[in-house]
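The values are calculated or read from the model by the stated rules, or taken from the named source; none is laboratory data. Just so it is clear, the structure is predicted and the values come from calculations on it, not from any experiment. When we count neighbours, we look across all protein chains shown, and the Cβ atoms used for this are built from the backbone with ideal geometry, even at glycine.
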Amino acid sequence: MRVNFIGHRHLIETMLADGRLPRGSAICFISSVGGIGWESNLPLLQEFLATPDYESADAWVKAHEPEGIIHYGFSKQAINAYVATKAYPFMAKGIRINAICPGPTDTPLARANADLWLTFAQDYRDATGCEIHTPQQMANTMAFLNSGAASGISGVTLLVDNGHVMSSMTGSFAPGKPIIDLIIGRVSLA
């Protein structure tokens, strides 16, 4: 949580308070497909986001760790909820905020966890002829979101996954539907 969200929020809010994010600024987080479905967890995310600073956010996380809710997915849901929550107050200051939600991307960390991370949606890639994403693809998307070409876009968490999530969610790619339904909270394991 400290690395994936709390530190980033602290940096943004410190820069904002110090006047280092002037009108016309744009922010883009890297979230994850693992953070989709945050809307079904909104009350808990709002409770977490209401923590006013780094220390209180860290204390909140420590207090909730025994519940088993603090994990990678929650950190990415926090990013998505933060982006959505801050779209209005930041836009009132002339600042845009967005996030990308990458699908499997070929990075050293992903390669270290290849059996889990890089095999996700392999069936979709096989069926469509798509390759694992590259870091450059993610950088290009972030550059677009922070450019003038995206001046009307704020509060968005943009999926960068070759259409896997939406195709699975709608059932047009039926093999992906069960896992996406689980991730977005349409079904549970309980």
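Remarks
- Among residues of region 154-169 that are without any contact (Cβ under 8 Å) to a residue 24 or more places away in the chain, those with a beta-carbon under 6 Å from a residue that is crowded, with 20+ Cβ neighbours inside 10 Å at least six positions away or on a different chain give the pairs Met169/Ile180.
- The set of residues in region 1-26 that are under 22 Å from Val160 (Cα atoms), in contact with a helix residue (DSSP H, G or I) (Cβ under 6 Å, 6 or more places away or on another chain) and among the hydrophobic types (A, V, I, L, M, F, W, C) contains only Phe5.
- Tally, over region 93-130, of residues that are of a type in the set (D, E, K, R) and part of a loop (DSSP other than H, G, I, E, B): 2
- Of the residues examined, Val165 is one that is touching a Leu at 6+ places or on another chain (Cβ under 6 Å) and at pLDDT 95 or above.
- Tallying residues that are surrounded by fewer than 20 Cβ atoms within 10 Å (Cβ to Cβ) and touching a residue at least 40 places away in the same chain (Cβ under 8 Å) within region 92-119 yields 2.
- When region 136-190 is filtered for residues that are under 30 Å from Arg23 (Cβ atoms) and not in a helix (DSSP H, G or I), the ones remaining, listed by number, are Asn146, Ser147, Ser151, Gly152, Ile153, Ser154, Gly155, Val156, Thr157, Leu158, Leu159, Val160.
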